[in-house]
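The structure appears right after this line, and notes come after that.
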Ligand SMILES: Nc1ncnc2c1ncn2[C@@H]1O[C@H](COP(=O)(O)OP(=O)(O)O)[C@@H](O)[C@H]1O
Ligand SMILES: [Mg+2]
């Protein structure tokens, strides 16, 4: 059914994934899944300690998100997920049983990301986590099905763009 393809809102920490994905889900009247909520307690503890996750740490987490995407894709319920999905191999995993997956990629300069992360926590955010994510980030590229959005504009404008792009996709 057109327009019901599952969506992943991706990008590094501070790019606005949780904000944009939840607003987008609301606008589309679809369920929202906060990808970070599917992390294991072990991963949560590592991230809280400022330790970067390895590919092995991320495997089970990505598999659980992939399962939710596959289910949403086959049932046609639609789903909007926030998930960093930094590497091509992570996204390939997410697409395993959801080949039509649509990616909304949120992009910003390091300075803006750091500013937003600091505003979010209320105190200066060490840049370590951000820099390690920027380091491993592989931006989506063709033939991946994606929209790249600069996020130096209000979140609702990013959502507007995403809504228009999704409406232009055929199923
Ligand atoms: N487009 C935007 N303009 C201004 N502030 C934003 C925008 N998008 C998100 N924010 C703010 O930036 C911070 C990080 O956003 P968040 O959604 O938590 O990012 P992520 O989930 O990618 O880590 C939050 O405090 C959020 O309110
Ligand atoms: Mg988030």
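What follows draws every value from the coordinates through simple rules; no lab data is involved. Since we're looking at a predicted model, the values are computed, not measured. Neighbour counts run over all protein chains shown; Cβ positions are idealised from the backbone, glycine included.
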Report Rg (one decimal) and Dmax (nearest whole number) for the range 7-168, counting Cα atoms only, units Å. 15.0, 43
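Show that you can apply the helix-only estimate: for the chain, add -39,500 (n - 2.57) for every DSSP H stretch of four or more residues, divide by all residues, and state [θ] at 222 nm to the nearest 500.
Computed ellipticity for the chain at 222 nm equals -15000 deg cm²/dmol.
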Helix 17-28 sits off the longest principal axis of the Cα atoms of the chain, rounded to the nearest 10 on a 0 to 90 degree scale, by 20 degrees
Based on the alpha-carbon gyration tensor of the range 124-171, what equivalent-ellipsoid semi-axes (square roots of 5 times the eigenvalues) come out, in whole Å, largest first? 27, 17, 6
When the Debye formula is applied to the Cα atoms of the range 53-129, each taken as the same point scatterer, what base-10 log of I(q)/I(0) results at q = 0.22, 0.23 Å⁻¹? -1.00, -1.04
Just to confirm the number: angle between the C-alpha axis of helix 110-121 and the first principal axis of the chain, 0 to 90 degrees, nearest 10? 80 degrees
I'd like the antiparallel share, as a percent to the nearest 5, of DSSP beta bridges with both residues in the range 30-171. 0 percent
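If packing is taken as the average number of other Cβ atoms within 10 Å across a peptide's residues, how do 14-26, 127-139 rank, most packed first? Before the final figure, lay out each step's value.
Numbers: 14-26: 21.5, 127-139: 14.8.
Top to bottom by mean Cβ count within 10 Å: 14-26, 127-139.
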Relative to the first principal axis of the alpha-carbon coordinates of the chain, what is the inclination of helix 155-168, with its axis defined by its Cα atoms, in degrees from 0 to 90 and to the nearest 10? 30 degrees
Quick one: grab Rg to one decimal and Dmax as a whole number for the range 1-60, Cα atoms only, in Å. 13.8, 43
The range 128-171-the range 63-121 distance, computed between alpha-carbon centres (Å): 9 Å
